[in-house]
Structure formats: structure tokens, C-alpha cells
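Below is one structure, written out as C-alpha cells; comments come after it.
What follows is calculated from the coordinates using simple rules that are stated; it is not laboratory data. As the structure is a prediction and not an experimental result, all values here were calculated from the model. Positions of Cβ are backbone-derived with ideal geometry, glycine not excepted, and every protein chain shown enters the neighbour counts.
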Amino acid sequence: MDKKGQVTIFIIIAILVVGGIVAYFSLSEGFGTSIPVEFEEVYDYYLSCLEETSLEGVGLLGEQGGYINTPTFEPGSSYMPFSSQLDFFGSGIPYWMYVSGNNLLKEQVPTKNGMEEELEKYVEDRSTDCDFTDFELAGFNIYLESEGGKVDADIDTYEVSLEVDSKITLYKGDSSVVINSHSISLDSKLGRFFDLALDVYNLEKSEVFLENYALDVMRLYAPVTGTEISCTPKIFVEENIKEDIIGGLETNIPTIKLSGDYYDLSSKERDYFVVDSDFDVDENLNILYSSDWPTRIEIYGDLVADPVGLQEGSGVLGFCYVPYHLVYDINFPVLMQFYDGNEIFQFPMSVVISRSQARQAFPTQFGSSIESQVCEYKENLVSVSTYDWNLNPVESRIQFKCLDSVCEIGETNEVGGEAVLEGEFPGCVNGFIVANAEGYAESKLQISTNIDRVANIVLNKKYELGLDLGNVEQALVRFVSKDYSATAMYPEVDSIELIEGDYNVSVQVYDDSSLKFPEVSDRKCVDVPESGISGFFGKETEKCFDISFPETEVTFAVVGGGKTSEYITEGQLIDSTEININVPLFNMPGNLDELQQNYLLSEDEVIYISYE
């Protein structure tokens with residue numbers, strides 16, 4: 001028994017000796033943390049160099065929406081100004097969701113694994129870039145593995161850790177050490193910020209809360225649908241509307257908050273700007289929009305709304321009103337920023353309003369059309385060329401209208417003296433190719449894309465001429481032709497853009513008025529079909545309703561006007577700088593009947609046009 005015990009003791013001692021030898025050589029190869037004292041400063045510097053490189057990579061991931069190497073850049077177009085990146089103070093940040101130049105809603109959302117791989121590659125490529133000059137002057141010899149080493153990165157909620165397998169050999173005198181692996185741990189909220197960013201992004205995808213706020217801005221800052229008590233036309237200036245919408249977005253978007261504890265509301269009314277969600281934000285969040293960023297606003301509808309109540313036979317109303325209805329497409333970027341005192345994570349995405357409605361298309365990796373279903377089936381190749389009347393090439397935006405659908409096709413580009421587009425069109429009988437170019441009037445060509453393969457479109461150049469109506473207080477001037485029209489409220493606008501064409505020209509002159517319409521209260525009765533089977537057989541019953549309008553003051557009244565027809569040649573437009581219009585004037589009306597009479601006179605009188 002004693003001999004067996006002695007053998008066991010010897011075996012244990014042997015194991016310990018072998019283990020000690022293995023441990024010694026392991027430490028000398030860098031698997032432990034025992035670094036000779038004389039090399040500690042050099043090695044600490046190397047670790048700090050790797051740490052600084054890692055921090056640079058983490059910073060780039062945060063500043064560029066989860067990317068170090070951004071995805072392939074995709075440019076926008078003149079009609080859809082978004083590219084695949086938002087230019088933020090000269091730095092391109094990839095959109096997580098954007099509208100491409102060909103009108104597709106696309107995603108490019110990073111993954112945490114992808115971020116880790118990019119960080120690993122970033123550190124690997126720079127692990128041999130550390131500068132040891134000062135140490136070499138002090139007698140150290142440092143050798144780094146020439147091709148760097150393998151890096152394994154892990155992005156956790158509040159920490160980023162890296163394991164770097166990169167051989168470094170240090171010599172000084174007779175001493176040396178070889179270290180093969182290095183551990184780095186960074187205090188970082190990159191993982192936390194990214195998780196919150198995904199939550200916010202998915203909330204926007206499902207709830208379109210940014211679009212809903214944008215619609216409220218549109219309704220508050222721009223004319224949409226309404227009626228005004230007035231006896232003068234209401235003119236909407238397109239540029240003013242766009243400026244008001246952009247100003248409203250710039251004021252209101254940054255005030256949006258998500259439910260959480262990173263802000264204090266100044267009043268209970270500010271609850272309107274708080275978005276409810278099934279998660280709380282516990283980090284600082286900015287939601288940004290700038291008027292300097294690409295913004296697309298298109299307005300559909302009549303920008304000149306005529307009054308109702310002055311036309312012949314409508315005097316019984318006893319008042320005038322102006323109905324109007326405008327519809328909008330609005331696209332703009334929003335930048336989300338999560339931040340604290342040291343770090344930031346930011347990503348942009350597009351907000352899409354189509355025909356005054358929040359986007360319906362759900363984004364996919366491959367892109368979804370935000371146009372109608374007709375536009376999704378572009379299967380017919382058509383060659384489109386655009387010219388002016390002298391057959392000079394004119395680069396133009398090309399759209400295709402089929403029934404109520406308008407499809408974006410692309411742009412003609414000048415090649416070999418011609419402006420040409422080889423574009424894919426949806427199949428449509430008697431659709432219209434629509435061409436637009438700056439400085440030219442819109443032109444369209446009827447075509448059946450399932451038969452025709454070539455389209456040549458001529459655009460008319462617009463010429464700006466001054467207007468002179470003499471001594472009038474205010475006048476509405478209209479030039480209306482079959483394919484083009486122009487309107488000016490004189491003298492606020494004292495010029496007008498025209499193309500060659502046959503115009504119906506009309507002028508209505510207005511002056512200050514103190515007319516007051518008394519309160520109107522009346523009861524109207526009409527016959528309507530009865531409900532049920534009796535109504536089916538034509539039986540009717542009388543329905544009555546009350547109408548009431550408060551007392552109304554007319555601040556402007558019709559005091560002149562007339563009409564004429566005029567063919568204006570391109571030569572006249574080129575040779576002239578001003579159009580003079582001689583307009584008949586009437587007496588100031590004293591009551592509604594006289595106001596209506598003046599209105600009817602402005603429809604019958606003749607105006608005279610001359611050129612300077």
C-alpha cells in the first residue's frame with residue numbers, strides 16, 4: 001500500500017512538472033498575460049493602438065448608419081431627387097429606406113452580424129499600422145505579422161469586444177517575448193443604439209407615423225380642400241405653397257418624440273408630438289429635417305379657383321364662394337440620431353406622401369413601386385426623342401399617362417445630337433407620353449405602347465414678357481390655349497411666360513369695395529326617391545334643408561374686364577419685351593346685383609392687345 005501511494009505521488013508530481021513546462025512555453029507564446037516588465041510599455045502602446053483603431057471603426061458604424069463601407073451609391077433623378085445616401089455635412093449616410101430614381105421604395109438596413117464583420121475587416125486591415133518609432137529609438141526591436149491577423153468582434157448592448165490574433169515579437173538586448181493574441185474591450189452603446197434604431201425603423205414601417213405628421217403639416221400649412229366666402233378668384237402660387245410646406249416640416253418634424261424618458265414636455269398640449277409605441281426610448285433621440293435636403297413636392301389641381309355666385313342665373317344665392325381642391329405628392333428625408341456625450345448612431349429614411357395619402361407600398365429588399373399597379377408592368381420598349389421646334393435636342397423628364405395612372409419612365413439624354421430615351425412602358429392603348437423640361441411648356445403625345453415603338457415629341461420654348469395694364473388697382477390676367485395656359489395677378493406679378501399658340505385672353509379688374517352681404521338664411525326643398533321598393537318604382541318624397549351664411553364683406557369687387565382671342569407667334573415673343581392690354585373699366589358696384597352685372601360685362605367686353 002505504501003509503494004502504491006508513493007507511485008501515485010510521483011505521477012502527480014510529474015503531471016505538475018509537465019504542466020509547468022507547458023504553461024511556461026504557453027506564456028512565452030502569448031497565451032497568458034505575463035509580459036516581462038521591460039516590454040509592458042511597448043505592449044500597452046500596441047493595445048492602445050488597436051483600441052484606437054477599433055474605436056474609429058465603431059464611430060464610423062454609428063455615423064454611417066451601421067456601415068463602414070457604404071453600399072454602392074445609386075443616384076437620384078431630376079424628378080426623384082433622392083440618391084441612396086443622404087449628404088449630411090459632406091458625409092454620405094446610407095438611407096435605410098429611400099425612393100430610387102426610378103420610383104421604387106427600397107431598403108438597405110444593416111444587420112448586427114454585418115456590422116461585426118465590417119468592424120473585423122477594418123481592424124484587420126489596420127492592425128499593422130501602429131507607429132513604434134519612439135520605442136525603436138529607445139533600443140527596442142518590434143516585428144509585426146506582415147499581413148495582420150484574424151479579428152473576431154462581438155457587439156453587445158453596452159460593450160464591443162474584439163479578439164485579435166496577430167503575432168507581435170518584441171526584442172531588447174538578450175530579452176524577447178512573442179505574443180499572438182490580444183483582447184480589447186470597449187465601453188460602447190453601439191449595440192443599444194442599433195437595437196433602438198431597429199425598433200424605431202420598424203415602427204415607422206408599420207405605423208407610418210412620420211407620414212401622418214407630414215400630412216398634418218400639409219393640411220395646416222397648405223391649401224387642400226375648402227371653400228372661402230369671396231367674390232374674387234383665389235390664386236395659389238405654387239412656389240409659395242412649397243415654401244410654406246417646407247417651412248412647416250422644418251419647424252414641426254424636430255419636435256416629434258417617441259414615448260420614453262429622454263425629454264420633458266413644456267405643456268400638456270405637446271402630447272400631440274409624442275408617438276406611442278410598445279417600447280420606451282431611454283436614450284437621447286433627435287428626429288431631424290432640413291430644408292437643404294432633397295425634397296420633392298408636386299401639386300395637382302387648379303391653382304386658380306373661380307368664385308361661384310356671380311355667374312348668370314346664380315344671383316339668387318345672395319353671396320359668392322370659392323371652392324378649391326389641391327392634391328400633393330411630398331417626399332423628403334428624415335434623419336434619426338441616437339446619441340450621448342461620446343457616441344452617436346444615425347440613419348436616414350424617406351417619408352412618402354402620394355396623392356395626399358401616406359405611402360401604401362411596403363418596402364422590400366428588392367424595391368416596391370410606389371406608383372399604381374399599371375406602372376409595375378413595364379414590358380414594352382419605346383424609343384422617345386425630344387426636340388424644340390428647330391429640331392434641337394431638349395433633355396426632358398418622361399412620364400406615361402394611362403387612364404388615371406401616371407408612370408415615371410426616365411429622362412432623355414443628349415447623345416450624338418439627339419435627346420433620346422430607350423424606356424420600358426406599360427402596355428396601354430391611347431395613352432400619353434408626357435415630356436417636361438425646364439424653360440419649356442409640357443408636351444404630350446398620344447401613343448398605343450403595345451403597337452408603337454418610336455415617339456418624337458416637340459416642346460415649345462417659353463418666353464417671358466412684361467405686362468402693362470395701365471392704371472388698374474388689381475387684375476387677374478389669363479392666357480389659355482389648348483395645351484398651355486398662364487395666369488398672373490397684376491401688378492403683384494407684372495410678367496408672364498408664353499409659348500406660340502392660339503389663346504383665349506381674359507382680364508378681370510378689381511378694386512377695393514365696402515359691399516356687405518346680409519346674413520342669408522333660407523330653406524330649400526327637393527324631391528328625392530323614397531327608400532325601399534316604392535323608391536325603386538319612381539315614387540318621390542320632399543326633403544327640405546336649411547342653409548345659413550353669416551354676414552359677409554366683399555373687400556374686392558369687379559370693376560372692369562373683357563376677353564379676346566389672339567394667336568401669338570414665336571416671332572412676336574422673341575421680338576417683344578412687353579404686352580400692353582387695354583381693358584374696359586366699369587363703375588364701382590353698390591350692391592350684389594350691380595356686382596353681378598359687372599361680372600357679366602367682364603365676360604362680354606372686348607380687350608385690345610399690343611406689343612412693345
* Extension gain (nm, one decimal) between VAL458 and LYS482, 0.36 nm per residue minus Cα-Cα -> 7.1 nm
* In region 136-152, which residues have a backbone nitrogen under 18 Å from the label point lying 7 Å from GLU41's Cα in the Cα-to-Cβ direction? -> 136-143
* Asked: How far is it, in nm, from the label point at GLU159 to the one at GLU414 when both lie 7 Å from their Cα along the line to the Cβ?
  -> 6.3
* Given ILE409, ILE447, TYR387, which one lies farthest toward the positive end of the charge dipole of region 377-458, if we put +1 on the Cβ of every Lys and Arg and -1 on the Cβ of every Asp and Glu? -> ILE447
* Over region 377-458: Rg over Rh, Cα atoms, Kirkwood Rh -> 0.94
* Treat each spin label as a single point 7 Å out from the Cα along the C-beta direction, and report the ASP187 to GLU117 distance in nm. => 3.2
* Structure fact -> The orientation-averaged projected area of the Cα convex hull of region 412-470, in nm², is 5.8
* **Electrostatic dipole magnitude of region 377-458 [Cβ: Lys, Arg +1; Asp, Glu -1; Cα centre; debye, to 20]** => 260
* Highest to lowest packing among 189-196, 599-606, scored as the average C-beta count within 10 Å -> 189-196, 599-606
* Structure fact -> Length-normalised contact order of region 191-369, Cα under 8 Å, at least 6 apart, in percent, tallies to 27
* Structure fact -> Length-normalised contact order of region 113-173, Cα under 8 Å, at least 6 apart, in percent, tallies to 35
* Structure fact -> Amide H neighbours of VAL406 at under 5 Å, excluding residues fewer than 5 places away on the same chain, with H built from the backbone geometry, are SER372
* How big is the charge dipole of region 94-198 about its Cα centre, in debye rounded to the nearest 20, if each Lys and Arg gets +1 on its Cβ and each Asp and Glu gets -1 on its Cβ? -> 320
* ³J(HN,Hα) computed for each position of region 335-348 - Karplus, 6.51 cos²θ - 1.76 cosθ + 1.60, integer Hz, glycine/proline x -> 10, 9, 10, 9, 7, 9, x, 10, 10, 9, 10, 9, 8, x
* Structure fact -> Along region 262-273, Karplus-curve 3J(HN,Hα) (6.51, -1.76, 1.60; θ = phi - 60°) to the nearest Hz, with x for Gly and Pro, reads 9, 8, 10, 7, 6, 7, 5, 5, 6, 4, 4, 8
* Asked: Can you give the extra length, in nm with one decimal, that the chain gains between GLU578 and ASN471 once fully stretched, where that is 0.36 nm per residue apart less the Cα-Cα distance?
  -> 36.9 nm
* In terms of modelled amide H atoms, which long-range or inter-chain residues lie less than 5 Å from the amide H of TYR440? -> LYS462
* Structure fact -> Once phi for every residue in region 136-143 is put through the Karplus expression 6.51 cos²θ - 1.76 cosθ + 1.60 (θ = phi - 60°), the whole-Hz ³J(HN,Hα) values, with Gly and Pro written as x, are 5, 5, 8, x, 8, 10, 10, 10
* Asked: Arranged by the count of other C-beta atoms within 10 angstrom, fewest first, what order do SER48, SER83 take?
  -> SER48, SER83
* To do: Report, in whole Å, the centroid distance computed from the Cα atoms of region 138-196 and region 428-499.
  => 67
